[in-house]
């Protein structure tokens, strides 16, 4: 009887997902990780428009003025426009030309952009011909990837 009970328990334990975590003792060496991280275009404008938006989390709560939206050139990662959010999570990038961009959200700490517990949007969609309005819901991110120790891209 004990053997019959052990088999279902063994089978159940094999079906449970396994979780991992990065643990470093001393110095961590993630050399090459930051350079290898991909940062593809996530915001495409077919024509120039004024870009307005709001950043919220999955519950609908707005991010505040400690956060900044950055519009970046895809190939080089150069910041083209950086605007702080207001306390309702809104931003205004002004008149933005047609092109492919990387739009990211960062937390500012002592003037330095940092990653935080949310992933960047995979795609940014907007509505409007002259004014592009968007509401971006940032997905909750994982915290155990080596690139989490890199600067935001």
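The numbers here are math on the coordinates, done by the rules we state, and not lab data. These figures come from a predicted structure and were not determined experimentally.
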Descending semi-axes in Å of the range 59-117, equivalent ellipsoid built from Cα gyration tensor: 20, 14, 10
Any chance you could run the full-extension gain for residue 87 through residue 153? It's 0.36 nm times the residue separation minus the Cα-Cα distance, nm to one decimal. 21.4 nm
